[in-house]
Amino acid sequence: MKHWQRSFLGAGALASLLTLFGCTQSPEPAAEFELTVAHINDHHSNLLAHPQTRVQVNGHTYEIETGGFARVVSRIQSIRQSNENVLALHAGDAITGTLFYTLFNGEADAALMNEVCFDAFALGNHEFDNGDEGLKYFLDALALTPDCRTEVLAANVQPEVGVSPLTAKTRWDSFKPYAVFQLNGHKVGVIGLDIAVKTKNSSQPDATTEFADELETAKIYIAELQRQGIEKIGLLTHIQYKNDLRIASQLPSIDFIIGGDSHTLLGDFDDYGLASDGPYPTQVTNLDGKPVCVAHAWQYSQVVGELKVRFDGDEVANCGGQPHLLVADDTSSDVTALTQFSATAENTQAQQLLKSFEASLDDLTKARIATVEQRLCMKRMGPTTIQSCGLGRQSDAHAVVAQAFLASAPQADFALQNGGGVRTELNAGPLTVADAYRLLPFANTLVEVEISGAEVKRMLEQALTYALSDSGSDGAYPHGAGIRFDIDLSQPDGMRVSDLQVYTENGWQALMADQRYTMITNSFLANGSDGWRLLADLKADGRVNDTYVNYAQSFVDWARKVKHIQRPTEHSTQSYQAVDE
């Protein structure tokens, strides 16, 4: 049984309206109090274990099985059993990223989350990838288990009342700004925040749904909690690690932050081949000069954080705890001897539930999601005379994939991808999820790149140089949507791309060398692969943002919306001259 009560007041509500749930009031609480927070974030529908995580220990490289939601369930159960005052929190981006979401629309994620029974869950930007209606479907599934109640928190999310399915009657129909938990007589307030600009511009919320400033919203609800006499206050955020550290210093009375969105690994992992972004927990100071404990738990159901916040009265006396990178219980003792690698057995009930969803995957991947009206040929490089596409035809498959990428990122100006990222043509007739994953079979995600016109030109020249080199690959050839250009491979290196244009609301316009654009591409290229070397530099400069949307899923989502996929009438390569022409 959980040893807490929880409550909620809307802004400006009277304290007499406070609704309490759970146990009876505890005696006068002791001054010293330790709160344990078991937490995850950004699991992105990654419900299965990861079989080949590479770590380095004592000079040896091990490929080990990590994570999986059945291990998340076991580890959080263990934390609850071993500690007295525990909250289990999820810092957002539960959905989108694997076939479990593509096919079950959040039902599988909700079912596994209810095996944990999180005390609170903060909305992330990807919760809005299928609009307010898609989020409502997921939240309804999360509420289906009668003996589990997870408070959904999003203080700065503002769907239009009476318009959005999330707020049919009142603003707080589907979520709350905060919850108050009582643990052995101590009241702990937790405020939820979603990343505002990114969710509005890079996801798919309804047009009428707005997102308020995170800092200003936090100030409002901190003050409201304090009016209720609550001084132990935490934030459950999906706003990125760097922003957690920033706002912690600008807020009064904050004691801890459980965060997400940046997929941040904290703790002592650098020596083992896993790049850490800071200590676990990270301790900073708030506006009052008091300690704030900040914790993140990496990504993809691989880490469960165990944050320990020791209070003396209402002030933080110490930040402690550890991250648990979940590994199979038969992992080498060389690895499990390290405290941060936690050998964890899979919870039997959660594993059986996962298998029930897996059993349906095969049939569901064969279901029609759209119709391909004419065969879409595939050619990795330029117009071709080979039989696959016909005289002078360009690759239809690459063109529709680029269209799908661009449609998935409404904030982007254009999409570019490499020829090698698309692996097959599409036959006329029904299109299934299985077809989409054969078309785009790699574990790539979509990324946004901030790039100037001059840099686009330089990047494309690099791609062509690599495509033509003896040690390169014709898979480097660029294909796009919302962008077009002429190619003359007979020209010298650096002079093969000309007449670059982007599509705007005013039609096709020349790409301006000194203007910044937002490009959508795949994560493989963002690492500078396939000769697109400039992207590695931009990534190092902080100008590449991973959306964590699987690139095949983006194609599935697009296909479901358009329903009928036509053969493209335009391609990004406008004029093409081969080397020997």
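The table below gives the values:
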item: Extended-chain gain in nm, criterion 0.36 nm per residue less alpha-carbon gap, THR465 and MET512; result: 14.7 nm
item: Mean-position separation - Cα centroids, the range 260-333 and the range 218-247, in angstrom; result: 18
item: Residues TYR178, TYR503, sorted so that the one with the fewest Cβ neighbours within 10 Å comes first; result: TYR503, TYR178
item: Proxy reagent accessibility, fewest Cβ within 10 Å first, across MET512, MET378, MET459, MET495; result: MET495, MET512, MET378, MET459
item: Mean Cα-pair separation over length for the range 367-577, i.e. relative contact order, pairs under 8 Å, 6 or more apart, %; result: 32
item: R0 of 45 Å, Cβ-Cβ distance ALA30-ARG533: FRET efficiency to nearest 0.05; result: 0.15
item: Nonlocal amide H pairs with VAL327, under 5 Å, H built at 1.01 Å; result: GLY67, SER342, ALA343, THR344
item: Separation between Cα centres of the range 514-581 and the range 433-448, rounded to whole Å; result: 12
item: Relative contact order %, the range 464-521, counting alpha carbon pairs below 8 Å whose residues are six or more apart; result: 21
item: Counted charge near ALA359, where neighbours are those whose Cβ lies closer than 15 Å (Asp, Glu -1; Lys, Arg +1); result: -2
item: Cα long-axis angle, helix 69-82 against the chain (0 to 90 degrees, to the nearest 10); result: 20
item: Nearest-0.05 FRET efficiency for LEU245 and THR569, computed from C-beta distance (R0 41 Å); result: 0.25
item: Per-residue Cβ neighbour rank within 10 angstrom, fewest leading, ARG484, ARG516, ARG75; result: ARG516, ARG484, ARG75
item: Unsatisfied cross-links (Cα-Cα over 23 Å) in the set LYS136/LYS242; LYS366/LYS561; LYS136/LYS198; LYS136/LYS539; LYS198/LYS539; result: LYS136/LYS242; LYS136/LYS539
item: Listed peptides 402-410, 215-223 by packing density, highest first (mean Cβ within 10 Å); result: 402-410, 215-223
item: Amide proton proximity set for SER276, modelled H, under 5 Å, gap of 5+; result: PHE269, ASP270
item: Those GluC sites (Glu not before Pro) in the range 270-378 that DSSP places in a loop and that have at most 13 other beta carbons within 10 Å; result: GLU373
item: For the range 122-194: relative contact order, % (alpha-carbon pairs under 8 angstrom, 6 or more apart); result: 34
item: Of every Cα-Cα pair in the chain, the percent that sits beyond 34 Å; result: 44
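Only the coordinates and a few stated rules stand behind these numbers; no lab work does. Since the structure is predicted, the reported quantities are computational estimates derived from the model, not experimental observations. Cβ coordinates were reconstructed from backbone atoms using ideal geometry, including for glycine residues, and neighbour counts include every protein chain displayed.
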